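Beneath this line is the structure, given in structure tokens, with notes to follow.
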Amino acid sequence: MCSYYGVLFVYMVIFLVNHYLQFGTSMIILQIKGLMKSFYLPVILVALLPIFKAYTIKIEEKTLNTSLFIYVITIFVCSVVGIAFPTYRTGDRAGTVGLFHSANEIGAILCILSPFFIKGLLAEKFYISKGIIFVLFVYAILQVGTKVPYFGVMILIALLVGICLICAKVKKKSYLYKRAGLFFICFILIYGITGLTPVGENLTKIYGDIFPITMADIRKQPTQVVEIKNFEELKTTTVSGRNDYLKANKEKFASSDLYGKMMGISFVNKEEGQELKLTEMDYYDILFCNGIVGTILFAIPILVFAIAFLRYTMFHKSRIPLELIYSIGMAGAVALLAGHVIVSPAVSIYLVVIVLKYDFEIRQKEEVKVEI
């Protein structure tokens, strides 16, 4: 742990000294902030892993669900009362994000925690209170207005339908057919009302009239027709124009000198002397801004932990929970397409806690088996 922190500290010192030699103290705070956000995930993972093992810290799923509910109830109450911040500060996009600052980060958190929330609803008998909580959760993902939590939950529900049908057929459990039917009804109902919500209004502006009923229908406005001519235009639309910034930063990185490629082009646009417009696609931002050396330093702790975790589970033939697979898989996809995940401390802390939670639980189960 100390050796990793030492190497990372040397990298950061060289990074900041180079900036100082070129620009003095101008915008050095921006560089420090960029470094802190970029390396928060591996630093906190390396710090918490020995602490969790030494003090046998166990994170209950209720803790994750309580955290999710705080986001949900805040978005709901602030929206109803009328004190919520708009999701988009400029433009004509709809949505509110409660009292939170970044809609992208809140959306990623809702997406990552959703499988644990659904599992919690299914863990025990159904109560009316659970139904109310689920409705509030759906309201929150529709009210925020961003694509990530909406598509994340819709994909999750669709997967649950498929999993229930497969398990019902393989395990011969008829009640799973009913559960699959319930999930399918939820999917249809959410899709049916999406066009009347902020996220539906935003998606309609992007993809056209894709919902059975929209706010334009209620207001008796003309149907919005959006023509997407080719795959490239579809890709640009899907990632909200991020590929334009990707192309620009890729050119800056490719044309940089050896130092720029190894240590990164930093978080400052050197030609214009102002903050660099990031691609908001996390993997590319890490590579371009922190260089090959920074990317390696970012990846090493994560890869070491992932390999050790997978080797342990395979050796002991432990089952990796589906909710963990979905949460980490979705986080990786969102980091690639929408960003604000592995370089956002508010989101990455949840990833670290989730993987450490399951690492502890799997190891604890195997220790209990050995004792028996």
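Taking region 314-338 on its own, how many of its residues are at pLDDT 90 or above and not hydrophobic (A, V, I, L, M, F, W, C)?
Count: 5.
Give just the number: which of (1) open to solvent by 30 Å² or more (accessible area, probe 1.4 Å); (2) part of a helix (DSSP H, G or I) does residue 56 not satisfy?
All conditions are met except number (2).
Can you name every residue in region 22-36 that is surrounded by fewer than 20 Cβ atoms within 10 Å (Cβ to Cβ) and modelled with pLDDT of 90 or more?
Result: 28, 29, 30, 32, 33, 36.
Go through region 338-350 and report how many residues are more than 10 Å from residue 109 (Cβ to Cβ) and crowded, with 19+ Cβ neighbours inside 10 Å.
The number of residues fulfilling the criteria is 5.
When residues of region 1-15 are filtered for being among the aliphatic types (A, V, I, L, M) and within 29 Å of the chain's Cα centre (by Cα), how many remain?
4
Scanning region 70-86 for residues that are outside any helix (DSSP H, G or I) and open to solvent by 30 Å² or more (accessible area, probe 1.4 Å), which turns out nearest to residue 100 (Cα to Cα)?
First pass over region 70-86, keeping only residues outside any helix (DSSP H, G or I): 82-86.
Applying the additional criterion that residues be open to solvent by 30 Å² or more (accessible area, probe 1.4 Å) yields 82-83, 85-86.
Details: 82: 14, 83: 11, 85: 7, 86: 10 Å.
Within region 70-86, the match that is nearest to residue 100 (Cα to Cα) is 85.
Take the residues in region 158-183 that are surrounded by fewer than 17 Cβ atoms within 10 Å (Cβ to Cβ) and under 25 Å from the mean Cα position of the chain (by Cα), then tell me which one is farthest from residue 201 (Cα to Cα).
Top of the filtered list is 163.
Scan region 93-108 for residues that are buried (at least 16 other Cβ atoms within 10 Å of the Cβ) and of a type in the set (A, V, I, L, M, F, W, C) and jot them down.
Correct list: 94, 97, 100, 103, 106, 108.
Which condition number does residue 186 fail, the rest of (1) open to solvent by less than 80 Å² (accessible area, probe 1.4 Å); (2) without any contact (Cβ under 8 Å) to a residue 24 or more places away in the chain; (3) not polar (S, T, N, Q) being met?
(2)
Can you tell me which condition residue 111 does not meet? The list is (1) part of a helix (DSSP H, G or I); (2) under 20 Å from residue 64 (Cβ atoms); (3) open to solvent by 20 Å² or more (accessible area, probe 1.4 Å); (4) of a type in the set (A, V, I, L, M, F, W, C), and all the others hold.
(3)
So residue 286 passes all but one of these: (1) open to solvent by 60 Å² or more (accessible area, probe 1.4 Å); (2) under 30 Å from residue 360 (Cβ atoms); (3) among the β-branched types (Val, Ile, Thr); (4) modelled with pLDDT of 95 or more. Which condition number does it fail?
(1)
Do any helices (runs of 4 or more DSSP H) lying entirely in region 149-245 carry at least 1 residues that are at pLDDT 90 or above, and which ones are they?
175-194, 198-207
Which of the residues spanning region 128-149 are of a type in the set (A, V, I, L, M) and open to solvent by less than 30 Å² (accessible area, probe 1.4 Å)?
Across region 128-149, the qualifying residues are 136, 138, 140, 141, 142, 144.
Tally the residues that are at pLDDT 90 or above and over 20 Å from residue 60 (Cα atoms), restricting the search to region 120-136.
3
Take the residues in region 351-360 that are more than 17 Å from residue 114 (Cβ to Cβ) and buried (at least 19 other Cβ atoms within 10 Å of the Cβ), then tell me which one is modelled with the lowest pLDDT.
Step one: filter region 351-360 for residues more than 17 Å from residue 114 (Cβ to Cβ), giving 352, 356, 359-360.
Still in the list and also buried (at least 19 other Cβ atoms within 10 Å of the Cβ): 352, 356, 359.
Values: 352: 95, 356: 92, 359: 87.
Residue satisfying both the conditions and the ranking: 359.
The values are calculated or read from the model by the stated rules, or taken from the named source; none is laboratory data. If you're wondering where the values come from, they're calculated on a predicted model, not measured in any experiment. Cβ: placed from backbone, ideal geometry, glycine included. Neighbour counts: every protein chain shown. To get the accessible areas, we keep the full protein, side chains included, count just its heavy atoms, and leave off ligands, DNA and RNA. Shrake-Rupley method; radii C 1.70, N 1.55, O 1.52, S 1.80 Å.
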